[in-house]
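Single-structure report; data block below.
The values are calculated or read from the model by the stated rules, or taken from the named source; none is laboratory data. Bear in mind that the values here come from a model prediction, so they are computed numbers and not experimental data. Backbone-built Cβ (ideal geometry, glycine too); neighbour counts: all protein chains shown. The area values use the complete protein model at the heavy-atom level, side chains included, leaving out ligands, DNA and RNA. Shrake-Rupley method; radii C 1.70, N 1.55, O 1.52, S 1.80 Å.
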Amino acid sequence: MSAAKQVYIAVIGAGGVGKCFLSQLQALAARKPSPKLNLAYIATSRKALFNDDYSAIDIGSAVDSLAGSSKSPLALSQVVDYLAAAPAKAVLVDNTSSQDVAELYPLALSRGISIVTPNKKAFSGSYKLWQDIFSAAASSGAKVYHESSVGAGLPVISTLKDLVETGDKVTKVEGVFSGTMSFLFNSFAPTEGQGGKWSAEVKNAKALGYTEPDPRDDLNGLDVARKLTILARLAGLPVESPTSFPVQSLIPKELESVASGDEFLEKLPAFDQQLEDIKAEAEKEGKVVRFVGSIDVATKSVKVGLEKFDRSHPIAALKGSDNIISFYTERYGSNPLIIQGAGAGGEVTAMGVTGDLIKVVSQIA
Ligand SMILES: NC(=O)C1=CN([C@@H]2O[C@H](COP(=O)(O)OP(=O)(O)OC[C@H]3O[C@@H](n4cnc5c(N)ncnc54)[C@H](OP(=O)(O)O)[C@@H]3O)[C@@H](O)[C@H]2O)C=CC1
Ligand SMILES: N[C@@H](CC=O)C(=O)O
Ligand code: NA
């Protein structure tokens, strides 16, 4: 097959999502699509695997080979140089939650490298970074897709883009945007039965691969704030940052300054009563508490935090790590367009990433 029929892929990050992505990529590559998908670089923060002549890394054994590799990762700007010099078009798949990698996107895009990622940092950082990313993509023609940055593999971003690009007017977006928060409240404050201990459920959410690498990024509301920042920007609001609107944190004040996520998890059981009190207050009204977010486009207001719901409300009745996202628009009137399903987990998140890769490859090769 000629070089022109190949697409070179670099993968940064091989954790919960990255490993699932690699197995989906292996299945995709085995289907022998045209063009051929050539894994040319893979790295974690400590190790890398690549060949100077761009010969393909075996996808099926990439994780094991990476663990045994003696190569250090290239500096991020060198990753861009390496991909820009590849014999055909290249895609950078960022499966990290790194701000440094996110800040590389404008440079990569400006050099013709497309980006596919579940990482929220680039799209919910400063508004300038957002503008730099999309103007670099517009000038070079490189593509940038980030479906899994909101609602994991659920078609949230593609749906919102379709609404906006087809001329509908989005008036409000609301719902449950965190798989971790959904799982925590569904198991700690279920609509029926007792529920588990808050700190134990936080550990479970981490073990199930729902949390951010540091679970405090979920519990402080910032992960949901990032998702709302992304959706608000796509709906036309130039939100400056995820800290420019009210966000409720569930981190106990006493633990705000602990040094690491592990130390936080160790100390959290001593503060379980704080969440028990919130749960009991809702129960007194016959309700359950849930962590939600909303964007009101007309008033330009975005907010994130706890609210009480009747037990029969669709938000109260969610299961597992499910998200529920309602789009109110002029066309849909008072019956919103609703998207519901798993909002976290390696396989469903990787599905969004692999789906994005398929779209990019079909456009660039
Ligand atoms: N888990 C989920 O359900 C969802 C996750 N996401 C997003 O997906 C991304 C990945 O999440 P997840 O897989 O759970 O996280 P993990 O912590 O499991 O994996 C992160 C991976 O990124 C690597 N990494 C981190 N920083 C760097 C860096 N600077 N350079 C190279 N590699 C780096 C880590 O390597 P090392 O171990 O060496 O540090 C690790 O391999 C995040 O952005 C997250 O927000 C989005 C939707 C759902
Ligand atoms: N930690 C996030 C992962 C997906 O974005 C969540 O729990 O929703
Ligand atoms: Na999504």
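Counted over the stretch 21-144, the DSSP beta bridges are approximately 50% antiparallel. Label separation (K197 vs Q340): 3.2 nm, computed from points 7 Å beyond Cα along the C-beta direction.
Could you order E103, E263 so the one with the most accessible surface comes first? Probe is 1.4 Å. Please report the intermediate quantities before stating the final value.
Numbers: E103 105, E263 55 Å².
Accessible-area ranking of E103, E263, largest first: E103, E263.
Extending 7 Å from Cα along the Cβ direction at S301 and again at E285 yields two label points whose distance is 1.6 nm.
Solvent-accessible surface of protein heavy atoms, probed at 1.4 angstrom with all chains present, puts K203, K319, K121 in the order K319, K203, K121, largest first.
Once the C-beta distance of D310 and K169 is scaled by a Förster radius of 41 Å, the resulting FRET efficiency is 0.85 to the nearest 0.05.
Each other residue within a Cβ distance under 10 Å of L163 adds +1 if Lys or Arg and -1 if Asp or Glu, for a net charge of -1. Applying a threshold of 32 Å to the alpha-carbon distances of K36/K319; K89/K169; K71/K143; K169/K284 flags K36/K319; K89/K169; K169/K284 as lying beyond it.
Seen from L83, the other residues with C-beta closer than 11 Å to its C-beta sum to a net charge of +1, counting Lys and Arg as +1 and Asp and Glu as -1. Compute the distance from the alpha-carbon center of the stretch 124-172 to that of the stretch 76-114, in whole Å. Centre-to-centre distance over Cα atoms comes out at 18 Å.
Consider a paramagnetic label point 7 Å from the Cα of S126 along Cα→Cβ; state which residues of the stretch 217-256 have an amide N under 12 Å from it. Hits in the stretch 217-256 for S126 at 12 Å: 241. Accessible surface computed residue by residue for the chain, with neighbouring protein chains in place and a 1.4 Å probe, gives 43 Å² per residue.
For S23, the shell of other residues with beta-carbons less than 14 Å away shows a net charge of -1, using +1 for Lys and Arg and -1 for Asp and Glu. Largest GNM mean-square fluctuation across S326, S65, S312, computed for the chain with C-alpha springs under 10 Å, falls on S312.
Per residue, the average separation of C-alpha pairs within less than 8 Å and at least 6 apart gives the stretch 213-336 a relative contact order of 23 percent.
In whole percent, what relative contact order does the chain give with Cα contacts below 8 Å and a gap of six or more residues? Computed over the chain, the figure is 21 percent. Excluding same-chain neighbours fewer than eight residues apart, the aspartates and glutamates reachable from K279 by a Cα-Cα span under 15 Å are E192, E201, E307, D310.
For the chain, DSSP calls about 60 percent of its internal beta bridges antiparallel. When you filter the GluC sites (Glu not before Pro) in the stretch 265-338 for DSSP loop state and at most 16 other Cβ atoms inside 10 Å of their Cβ, you are left with E285, E330. Distance between the modelled labels on K5 and A27, one decimal in nanometres: 2.5 nm (7 Å Cα→Cβ projection). Partners of K47 within straight-line reach, counting aspartates and glutamates whose Cα lies under 12 Å from its Cα and excluding those fewer than 8 residues away in the same chain: D64.
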